[in-house]
Amino acid sequence: MAQKFSLFDPLVMEPFKCRNRVVFSPYQENMANRDGTVSPHLFSHYLSAAREGAGLVILESAYVARQGRGTYNQLGISEEIHLEGLFRLVSALKAEGAKVGIRLSHAGARTSEEICGEQPLGPSVMNLGKDFTQNREMDEDDLEELILLFIHAAERAEEVDADLIEINGSQQYLLDQCLSARYNNRSDAFGGEIKGRMRLAVEIIKAIKNRTSAKTPISYYFSIHDKLEDGFDEKELKDLLKTLNDAKVDFLHPVSLHVMNKFFDADLTLVEWVNKFAKQPIIADGNLKSPQILKEVMALQSADLFALDRTLFSRPNWLAFLQKKFVE
């Protein structure tokens with residue numbers, strides 16, 4: 001979709017309208033209260049980005065159920081108790097002119113029984129290290145319940161007036177574990193080739209979109225760099241994007257270790273590969289920490305929005321700083 005534009009041009013994709021192409025993506029997480037509610041620190045952290053002029057502010061990974069909580073101070077969107085603080089935060093950010101996204105997450109096996117309240121689950125039994133409780137493999141009932149949990153979380157995101165719902169398929173969380181050939185060795189319809197390994201994600205997306213009240217665009221956040229050594233290649237990326245296209249995802253948010261890294265022994269970055277196979281607006285993300293890198297990735301004309309690194313956000317009046325750099 002990407003074409004030549006200024007960083008400060010609006011993105012208009014009805015009903016989604018964003019005042020500029022700058023994204024404040026959650027580079028710092030686990031700032032919530034112990035019960036998953038919005039803390040004063042979390043509130044001020046995101047409000048400062050909106051006041052500086054970010055077009056889109058994406059809130060940190062919010063667990064869709066207690067069983068999917070990955071850390072003690074993770075943001076929650078699983079219960080009514082979470083909604084008041086989220087509504088106040090979203091309202092404050094929108095009052096500053098920003099669009100607001102909420103990233104829906106389930107930790108899967110990347111948690112402990114002490115944190116999530118039960119034995120963690122995953123696509124297969126796996127060993128993620130000593131900090132995590134040995135998980136169990138998801139059964140058919142679990143899979144049906146997970147889809148419902150994401151639907152209910154999406155409904156809560158709409159209830160607090162979020163402009164964008166982002167599904168977390170990265171961070172070694174559940175949907176990322178499902179995509180990984182290393183962690184997913186199922187032999188049923190939720191394993192095997194990419195279509196099977198992406199099936200849970202696709203069913204979640206379709207179920208959210210099939211709700212009669214659904215009106216909020218959906219973004220899919222994903223990464224592939226940790227899968228390359230397991231044989232993930234150009235064909236698998238193409239197949240992954242086809243599943244997301246078929247599910248009618250509205251935005252794609254690929255993240256890499258560095259946004260200008262090349263993939264598959266070719267002179268193409270991840271955003272270029274994604275743009276080659278997909279038509280949705282793309283959010284470029286990955287160590288985007290200087291005006292020069294930002295100019296380089298924009299010159300590729302493959303992304304539509306740009307998730308800046310904390311280095312740029314840490315500068316005083318960073319949007320004015322960028323505007324000055326882009327006219328020099």
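The values are calculated or read from the model by the stated rules, or taken from the named source; none is laboratory data. Keep in mind that what you see is a predicted model, and the values were worked out from it rather than measured. Cβ coordinates were reconstructed from backbone atoms using ideal geometry, including for glycine residues, and neighbour counts include every protein chain displayed.
Criterion applied to LEU174, LEU149 was being at pLDDT 95 or above and buried (at least 24 other Cβ atoms within 10 Å of the Cβ), and the one residue passing it is LEU174. Considering (1) surrounded by fewer than 21 Cβ atoms within 10 Å (Cβ to Cβ); (2) in a strand (DSSP E or B); (3) not hydrophobic (A, V, I, L, M, F, W, C), the lone condition that GLU114 does not fulfil carries the number (2).
Taking the range 110-123 as the range and being touching a Lys or Arg at 6+ places or on another chain (Cβ under 9 Å) and under 18 Å from GLN171 (Cβ atoms) as the test, the residues that pass are THR111, ILE115, CYS116, PRO120, LEU121, GLY122, PRO123. The C-beta contact set for the range 65-92 (first residue closer than 19 Å to PHE43 by Cβ, second residue hydroxyl-bearing (Ser, Thr, Tyr) and assigned to a helix (DSSP H, G or I), distance under 8 angstrom, 6+ apart or interchain) comprises LEU89/TYR46. For ASP265, are the conditions met, namely being surrounded by fewer than 17 Cβ atoms within 10 Å (Cβ to Cβ), out of contact with any Gly (no Cβ under 8 Å at 6 or more places or on another chain), in a loop (DSSP other than H, G, I, E, B) and among the acidic types (Asp, Glu)? Yes; evaluated as a whole, the condition is true for this residue.
One residue stands out in the range 269-301 among those that are surrounded by 17 or more Cβ atoms within 10 Å (Cβ to Cβ) and under 16 Å from ASP9 (Cβ atoms): the one that is nearest to the chain's Cα centre (by Cα), namely ILE283. Scanning the range 204-227 for residues that are under 13 Å from LEU179 (Cα atoms) and modelled with pLDDT under 95, we see that the one that is surrounded by the fewest Cβ atoms within 10 Å (Cβ to Cβ) is ASP226. In the range 72-121, which residues are polar (S, T, N, Q) and more than 18 Å from the chain's Cα centre (by Cα)? Result: ASN73, SER91, THR111, SER112, GLN119. From the list LEU241, LEU257, the lone residue that is surrounded by fewer than 21 Cβ atoms within 10 Å (Cβ to Cβ), of a type outside the set (D, E, K, R) and under 16 Å from the mean Cα position of the chain (by Cα) is LEU257.
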